[in-house]
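The values are calculated or read from the model by the stated rules, or taken from the named source; none is laboratory data. Given the structure is predicted, the values throughout are model-derived calculations rather than measurements. Cβ atoms come from the backbone with ideal geometry, glycine included; neighbour counts cover every protein chain shown.
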Amino acid sequence: MSAPPVRSSPTLSADAACPTVAEIAERSGMTEDEVNAGMEALDSYATMSLDAELPGAAGQALLDTLGHADPSLDTVVDHVSIAPCLRVLPEREQQILYLRFFDDMTQSQIAEIMGISQMHVSRLISRTCAALRAQALSEA
């Protein structure tokens, strides 16, 4: 069984026969496996348009298979960067922020639990969030 012919190269004349893998290996002093690996590497330089239809996927373009940026990544980064700042807050501020943002309680509900006015809860949330924001931005 003979080796398949190799596609032509710019150095071959138009009427020249394509050399086989065995002929290239013999001429170059390489093994046939090395020649085949080199030919595969040459094929990796062929680009494909992102809009081109994928072979065997009717109507599906390469672009359709690529992932998208996850909008939640920024939120994860924000949570990770603010965590050390939250740990050093006084316990009362930690509890108020937890009740407001994790238990989704209203300021009035928090005020009742904490035994303070709703206005005071509002001021504490505003002040604590501003301090956290400033601290996180200064560390960035």
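Descriptive notes on the structure:
- One residue from GLU91, GLU112 being surrounded by 10 or more Cβ atoms within 10 Å (Cβ to Cβ) and modelled with pLDDT of 85 or more: GLU112
- Residue among MET48, MET30, MET39 that alone is touching a helix residue (DSSP H, G or I) at 6+ places or on another chain (Cβ under 9 Å), modelled with pLDDT under 85 and over 30 Å from PHE102 (Cβ atoms): MET48
- Looking only at the range 30-48, and only at residues there that are among the β-branched types (Val, Ile, Thr) and in a loop (DSSP other than H, G, I, E, B), the one that is farthest from CYS18 (Cα to Cα): THR47
- The sole residue among ALA58, ALA17 that is small (Gly, Ala, Ser), more than 37 Å from the chain's Cα centre (by Cα) and assigned to a loop (DSSP other than H, G, I, E, B) is ALA17.
- Selected residue (only one of ALA41, ALA111, ALA46, ALA37 is among the small types (Gly, Ala, Ser), on the phi < 0 side of the Ramachandran plot and not assigned by TED's automatic domain parsing to the domain that holds ILE24): ALA111
- Reported count of residues in the range 1-27, each being surrounded by 10 or more Cβ atoms within 10 Å (Cβ to Cβ), at pLDDT below 70 and not hydroxyl-bearing (Ser, Thr, Tyr), is 7.
- Taken over the range 62-76, residues that are over 16 Å from ASP51 (Cα atoms) and of a type in the set (A, V, I, L, M, F, W, C) amount to 3.
- The listed residues are ASP51, ASP70, ASP103, ASP78, and the only one of them that is part of a helix (DSSP H, G or I), surrounded by fewer than 14 Cβ atoms within 10 Å (Cβ to Cβ) and not basic (Lys, Arg) turns out to be ASP78.
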